[in-house]
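Inspection log for the structure reproduced underneath, given as structure tokens.
Each reported figure results from applying straightforward, stated rules to the coordinates on display, with no laboratory input. Just so it is clear, the structure is predicted and the values come from calculations on it, not from any experiment. Cβ coordinates were reconstructed from backbone atoms using ideal geometry, including for glycine residues, and neighbour counts include every protein chain displayed.
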Amino acid sequence: MLRKDMDADVKYIQTDGYRAPEAELQNSLAQAGLESDSGCTTAVDLWSLGIILLEMFSGIKLKETVKSQEWKDNSSAVVDHIFSSNALVYPAIPVFHLRDLIKSMLHNDPKLRSTAESALINPFFSIPFAPHIEDLVLLPTPVLRLLNVIDDNHLYNEDDYEDIIEDMKEECQKYGTVVSLLIPKENPGKGQVFVEYANAGDSKEAQRLLTGRTFDGLTGMRLHV
């Protein structure tokens, strides 16, 4: 992310989806050939970090969410909804403190936004909790890798290959919205099925339900990647 601090000559602030409101305003003015009176401070970094933490907790990309009118009208209510929907998924995390920390980072007014110093003394960081070893080793992602599913002979028969693509999409869509599905014909990843879901929750549920299933005589093994 490029950021304009004080007198630094930076016109455009990246990355889309993680820009604070004042950064969006500065970009708009720069595109119109105008200068911003106030510019941006390190508060834009706290906003970006707040979005990243919210994405990590929810398991979904929030690029479209933060552009929505609902977010602009009441972002606090949107954060509350995300936490209420995921509270049972992460019972070991002190969610109320994490929720309040994220809210403090996402104030529209940068003067009211949490500073790095105040964020670090938030109660969330002082409450000890021990994550399960599986959570550390297999962090949930929206991408699922399916192994031992396709015989190599099917990769080089175009009709078989296209049929397999369609069959796999149809099967995987039973567990959530499939964004993309890829079966490489050559290494790396030859014969493996990579399924990208809209969010990590769907991917994890698909992993649970598909593991051990038999396809064309092969017993599949599923791993997050």
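Worth pointing out:
- Between TYR197 and VAL143, LEU144, VAL179, the built amide H atoms are under 5 Å apart, and every one of these is 5 or more places off in sequence or on another chain.
- Rounded to 0.05, the FRET efficiency of the LEU25 and GLU171 pair, given R0 = 35 Å and the Cβ-Cβ distance, is 0.15.
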